[in-house]
1. Using only the Cα atoms of segment 241-359, what are the Rg and Dmax in Å?
2. If you scale each eigenvalue of the Cα gyration tensor by 5 and take the root, what three semi-axes come out for segment 2-106, rounded to whole angstrom and sorted largest first?
3. Between Asn30 and Glu345, what FRET efficiency comes out of the Förster formula 1/(1 + (r/R0)^6) with R0 = 56 Å and r the beta carbon distance, rounded to 0.05?
4. Please give the peptides 82-89, 71-78 ranked by average Cβ packing (other Cβ atoms within 10 Å per residue), highest first, as a rough proxy for protection.
5. Determine, for Asp171, Asp152, Asp322, the number of other Cβ atoms within 10 Å of each Cβ, and report the residues in order from fewest to most.
6. With r as the distance between the Cβ atoms of Lys297 and Met40 and R0 = 56 Å, compute the FRET efficiency 1/(1 + (r/R0)^6) and round to 0.05.
7. I need the calculated FRET efficiency for the pair Arg352 and Tyr15, taking r as the beta carbon distance and R₀ as 45 Å, to the nearest 0.05.
8. In nm², what is the average projected area of the convex hull enclosing the Cα atoms of segment 23-163?
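We did not get these values from a lab; they are worked out from the coordinates using the rules stated. Keep in mind that this is a model prediction, so the values were computed, not measured. Cβ placement follows ideal geometry from the backbone for every residue including glycine, while neighbour counts extend to all protein chains displayed.
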Amino acid sequence: MIPVTKPFLPPQEAYSKYLTGIWQRNWLTNMGPLASELEMKLKKHLQVNHLLFVTNGTVALQMAIKALDLKGEIITTPFSFVATTSSIVWEGCTPVFVDIEVNSLNIDSSKIEAAITENTEAILATHVYGNPCDVIEIQKIAKKHNLKVIYDGAHAFGVQINGKSIFEYGDISTCSLHATKLYHSIEGGLIFTKDVALLKKLAYIRNFGFDGPEAFAELGINGKNSEFHAAMGLVNLDYLDQISQKRKELTVRYDENLVTLKARRPIWKIYSENNYAYYPIVFESEELMLKCMEYLKSNEIFTRRYFYPSLANTLPYLEPMDFEITDKVAKCILCLPLYPDLSLEEVDLICRLILRVQNN
Ligand SMILES: *Cc1c(COP(=O)(O)O)cnc(C)c1O
């Protein structure tokens, strides 16, 4: 059986080493020493000045919307994971969808201005598969119309734009450290901002709004994470080079094997580099995609329609809306298995099966 993804697990001894300290200190959560150490090491690794380690990537998005005091409409992409949209609704704001751009599969920045109304307060865009949005263009639009910008960087760990961390863009950026992501702490998330006052506000929000043991500075929530999760994050940092190297090898192998496939891949921004978080392919038709998916499944190989369906016409709490490019891409896209434990031979097998379907 080949799953679409398999969380990376380090050698058990490497994790166990951290447990001894946790037992000695008896400090399990509430921003303990391991959580602080992880924040410090991640700042260094990602070359950013500020970040907060939080419960998960969804809470990170909710905290971002709350911290920026957003109330009205938020322009966003229909081609993302549900948390991008649900966080907007959960925080009492209204998502306004804009179609995606055909090459990058990110929100089409040239269509954003047409969606702005007097109630628009922000843009929340996803760096889909880690491929950067048009950050410069979006910044220009935001400045012109006095909007805030939040980036859902759940897929974008380690990505740089012109040598600078992708998380430095926008008023706030977030990341997910969920077990299925490129780099993980089992459950976990990160929030980034360059604005020190905003960072302080986010830190209050993360801890129920507490300002000392008996006073409150903000409306807060429990957005903290535990020492056990931080320990997994710390251990996994040591394997990151290994993980990235393997994912790159697998990706190159897929690319080589599938040159004759009638399908395309998202086109990566030239000023950036793939972090090999996913292996998505957009088939020419939904029919061919489904045939491949079924054939692989009958061979115990599992793929995922990611993202499908479009967030704009499936959520029971929103009026359905169609978008030409999003709907087409969502129907034809398939993510193939990609995880560090996958072997090159398994990739060869997957590709042979896919090509067999096409050439039959
Ligand atoms: C995974 C993911 C999230 C949510 O992150 P969690 O840590 O699972 O809460 C949000 N947005 C996107 C695009 C994701 O892929």
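1. Rg then Dmax for segment 241-359, in Å: 15.3, 45.
2. On the way: eigenvalues 232, 80, 38 Å².
Listed largest to smallest, the semi-axes of segment 2-106 are 34, 20, 14 Å.
3. Values: r = 46 Å, r/R0 = 0.83.
The calculated FRET efficiency here is 0.75.
4. Ranked from most to least packed, the peptides come out as 71-78, 82-89.
5. Values: Asp171 21, Asp152 29, Asp322 11.
Lowest count first: Asp322, Asp171, Asp152.
6. On the way: r = 44 Å, r/R0 = 0.79.
Once rounded, the FRET efficiency stands at 0.80.
7. On the way: r = 37 Å, r/R0 = 0.82.
For Arg352 and Tyr15, the calculated efficiency is 0.75.
8. On the way: hull surface 38.6 nm².
If you wrap the Cα atoms of segment 23-163 in a convex hull and average its projections, you get 9.6 nm².
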